[in-house]
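Contents: one structure, followed by commentary.
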Amino acid sequence: MAPSARTACRVPITKPKTFHPDTLALHAGARPDPATGARATPIYQTASFVFPDSDHAAALFNMERAGHVYSRISNPTVAVLEERVAALEGGVGAIATASGQAALHLAIATLMGAGSHIVASRSLYGGSHNLLDYTLPRFGIETTFVDPRDLDAWRAAVRPSTRLFFGETLGNPGLDVLDIPRVAALAHELGVPLLVDSTFTTPHLVRPFDHGADLVFHSATKFLSGHGVVIGGVVIDAGTFDWEGSGRHPAARGKFPTLAEPYAGFHGMTFTEESTTAAFLLRARREGVRDFGACMSPFVAFQILQGIETLPLRMDRHVDNARKVVAFLAAHPLVTSVGYPELPSHPDHALAGRLLPRGCGAVFSFNLAGTRAQGRRFIETLKLFSHLANVGDAKSLVIHPASTTHFRMSVADLERAGITEGTIRLSVGLEHPDDLIDDLSRALHAAGK
Amino acid sequence: MIVTVASHPVYAYTGTRALVPAQPTVVFVHGAANDHSVWALQSRWFAHHGWNALAVDLPGHGRSGGAALASVEAIADWLPALLDATGAARAALVGHSLGSLAALACAALHPARVTKVALLGPSVPMPVTDLLLAAAKADDHAAFELINGWSVSPGKQLGGNTVPGMWLTGNAMRLMERTRPGVLHTDLVACNAYADGLAHAAAARLPALVLMGQRDLMAPPKNAAALIAALPGVRTVTLAETGHALMAEQPDAVLDALAAFL
């Protein structure tokens, strides 16, 4: 075993090379199509796949052979995307879903049922907040929201029924930087995994698994696809969490019966026995995608793959542009504050330097001085920045969170989340930065009249 | 299932099937720093096709207790005790890498207990480079990186996994990372020290299959040539564009070869 001078053949003795992320962004999971030679990943736009024979069909259904049966469960085009994101994140595998919301739901529904509890950062995307605060309680899953910077608050919120810690790499909308190493360490001490929404950062800026997170999900609608043309999500498993509590996370013992006990819905399979590293993904695919059905279409997967090919290039440009826009706004008299962690004034400035040395993304908020009417004039004067509810597009975007993405939150909750009526959120795109600054300058001038 | 072997708990995956005394038994033996899960697809198929399948975690590995066995011969002597614990008089042995050597040695040393042997990714001898031994001895993560880099064929280093959505090298890495301190070194030393492979092959008077990966850098097919020559009536299968991680890279081809042989 292993190359050696004692072997007769010529073999490399030096350390094998691994591929850089920029290369994985182009190639991971894909190869020229064996049937046609097509270099691009083909769109396998089919609902189902022909079985060679009855025995093979039975083996596929019983997980004795690997392959595709029905595109709700898996699809060759979607599988390329899943592999590629898993490779970029440094996970064992991934499942692509119909949306980022579906990815979050899949993660939660795979890990817990009624009577369970989540501890989550209170600085969340409004859609995630809706799911956790309003919808899941109807299904018996409660969430306690905590200040993501307050480790004692995370600990104090834990109940015997807690099954998950959840936060965003850069919290919405103030860009609170989640201290992944410390929150993950606490989660593991208490026997629960840490799920991280890495939509704003993508694996180009931070790989949460490298810092201790156990599960990551993305709204692939945003920077991964990058062009604002599809809705999609993906959840990735690090393959590190000890779901049985028999090894590195003893406090997890007994907490995850969906993974560590026989599942009647799949022939009594115990997923942790079936796969030492990927029990979560097995259950998520064999139950969550199968039964809830929020799968990704092959065409959407293809579009996201096109986006990921240029992810490293785009993210660098997004960050460069965002830095220039941040510098402009921070110096403008009508702007009272800018929430960007690279600014020394941001409370997570030092943490951002450690976790996000390549940049803090291109989505951030700032507070405009003046009235609500001035804020409206500002947004309506912008020409390059499009007023809409999305981020992570190649084009620059703007929104007023208090009246849109976070409008269901009470004033007190808004305040706790760092949102005021003057808060404006930007998603800085790939235009020339001078043009973006000109656009902002004109709008600020109009708002100031 | 958990059984007790030599006073230690031993885990064997059975494909979620109860063992049936009237059925033949096949034991799957993993390689260094691995566990039963490397055989998930193949062992599950056999468990659902008339066999008692035992994909075992060797002592010190996975869910099994005890210390990792220090030599190929020690594993070979342990396997009959596993059969005793599960009530099997005889079994076919399927081994990968270190496990293939153990299966070969068991067939030679305990011929009454073994019906057939399938040797996946064997090399006789199976020398281990000092670079890897030193890293393993230090429990340095670099040891896993070396193994992953050498085990997975160049084509599969970029994915294209048969199992939808799974990143092959990432999964292999995470499995190795669960290895207890010192165990990889013990496994590699066992491989490196095994000197009786050809004698055992000559003594193993039973049907044998040697299954190799054409692009295997860990156990290149030419390193199995002497073994193949020493095994009378051996069946050989070489999988094109496949490395040492045979079961992960080509799960269906491995299963087909095993099903045809056993």
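Would you list B:Met176, B:Met126, B:Met212 from fewest to most Cβ contacts within 10 Å? Write out the running numbers ahead of the final one.
Values: B:Met176 22, B:Met126 29, B:Met212 25.
Ordered by Cβ neighbours within 10 Å, fewest first: B:Met176, B:Met212, B:Met126.
Across the protein assembly as shown, how large is the tail of the calculated P(r) beyond 43 Å, expressed as a percent of all Cα pairs?
On the way: 73791 of 252405 pairs.
Result: 29 percent of Cα pairs exceed 43 Å.
For a quick protection proxy, order the peptides B:202-209, B:14-21, B:142-149 by their average other-Cβ count within 10 Å, most packed first. Don't skip to the end; give the middle numbers.
Values: B:202-209: 18.4, B:14-21: 16.0, B:142-149: 20.8.
Highest-to-lowest ranking by the protection proxy: B:142-149, B:202-209, B:14-21.
Put a dot 7 Å past each Cα toward the Cβ at A:Arg442 and B:Ala134; how far apart are the dots in nm?
Simple spin-label model gives 6.5 nm for this pair.
Ranked from highest to lowest mean number of other Cβ atoms within 10 Å per residue, what is the order of the peptides B:164-174, B:239-249, A:386-396, A:216-226?
Working: B:164-174: 25.6, B:239-249: 23.0, A:386-396: 18.5, A:216-226: 28.4.
Ranked by mean Cβ neighbours within 10 Å, highest first: A:216-226, B:164-174, B:239-249, A:386-396.
Rounded, prolate or oblate, given the Cα gyration tensor of chain B, with a/c below 1.5 counting as rounded?
Working: a/c = 1.22, a/b = 1.19, b/c = 1.02.
The shape class here is rounded.
Pull out the extension gain between A:Phe407 and A:Lys395, defined as 0.36 nm times the separation in residues minus the alpha carbon to alpha carbon distance; nm, one decimal. List each step's numbers first, then the result.
On the way: separation 12, 0.36 × 12 = 4.32 nm, distance 2.42 nm.
Length gained, A:Phe407 through A:Lys395: 1.9 nm.
Mind checking the mean number of beta-carbon atoms from other chains within 10 Å of the Cβ atoms in B:189-200?
Numbers: counts 0, 1, 2, 4, 0, 1, 0, 0, 0, 0, 0, 0.
Partner Cβ neighbours, averaged per residue: 1.
Taking each residue of A:74-81 in turn, how many C-beta atoms of other protein chains fall within 10 Å of its C-beta, and what is the average? Write out the running numbers ahead of the final one.
On the way: counts 3, 2, 2, 0, 2, 8, 5, 1.
Average neighbour count from other chains, rounded to a whole number: 3.
Skipping prolines and chain starts, which residues have an amide H placed within reach, meaning under 5 Å, of the one on B:Gly213, given they are 5 or more residues away or on another chain?
Amide H neighbours of B:Gly213, under 5 Å, 5+ apart: B:Gly121, B:Leu239.
Set the Förster distance to 51 Å, then compute FRET efficiency between A:Phe299 and B:Ala18 from the Cβ-Cβ distance, nearest 0.05. Don't jump to the answer; show the numbers that get you there.
On the way: r = 45 Å, r/R0 = 0.88.
Step by step, r from the Cβ atoms, then E = 0.70.
What order, most packed first, do the peptides B:221-230, A:153-162 have when packing is the mean number of other Cβ atoms within 10 Å of each residue? The partial results should precede the final answer.
Working: B:221-230: 18.8, A:153-162: 15.9.
Result, highest mean Cβ count within 10 Å first: B:221-230, A:153-162.
If I stretch the segment between A:Gln45 and A:Phe19 completely, what's the gain in nm (0.36 nm per residue apart, minus their alpha carbon distance), one decimal? Don't skip to the end; give the middle numbers.
Details: separation 26, 0.36 × 26 = 9.36 nm, distance 3.00 nm.
Stretched fully, the A:Gln45-A:Phe19 segment lengthens by 6.4 nm.
Net charge within 14 Å of B:Lys116 by Cβ-Cβ distance, Lys/Arg positive one each and Asp/Glu negative one each, not counting B:Lys116 itself?
That works out to +4.
Compute the separation of the alpha-carbon centres of the stretch A:264-304 and the stretch A:78-143 and state it in Å as a whole number.
13 Å
Let me check against my output: what whole-number percent is the relative contact order of chain B, with C-alpha pairs under 8 Å and at least 6 apart?
Numbers: 561 pairs, mean separation 52.8, N = 262.
Taking the mean separation of contacting Cα pairs over the length of chain B, I get 20 percent.
Determine the shielding of peptide B:143-152 by partner chains: average, over its residues, the number of Cβ atoms on other chains within 10 angstrom of each Cβ. Please list the in-between numbers first.
Details: counts 1, 0, 3, 6, 3, 2, 6, 7, 3, 1.
Mean shielding by partner chains, rounded to a whole number: 3.
If you average the alpha carbon positions of the stretch B:168-229 and of the stretch B:87-101, how far apart do those two centres end up, in angstrom?
Result: 13 Å between the Cα centres.
Calculate the length of the line joining the C-alpha centroid of the stretch A:328-354 to that of the stretch B:53-80, in whole Å.
57 Å
Read-outs: derived from the displayed coordinates by stated rules, not from any lab. Note that this is a predicted model, so its numbers are computed, not measured. Here Cβ is always computed from backbone atoms with ideal geometry, including for glycine, and neighbour counts include all displayed protein chains.
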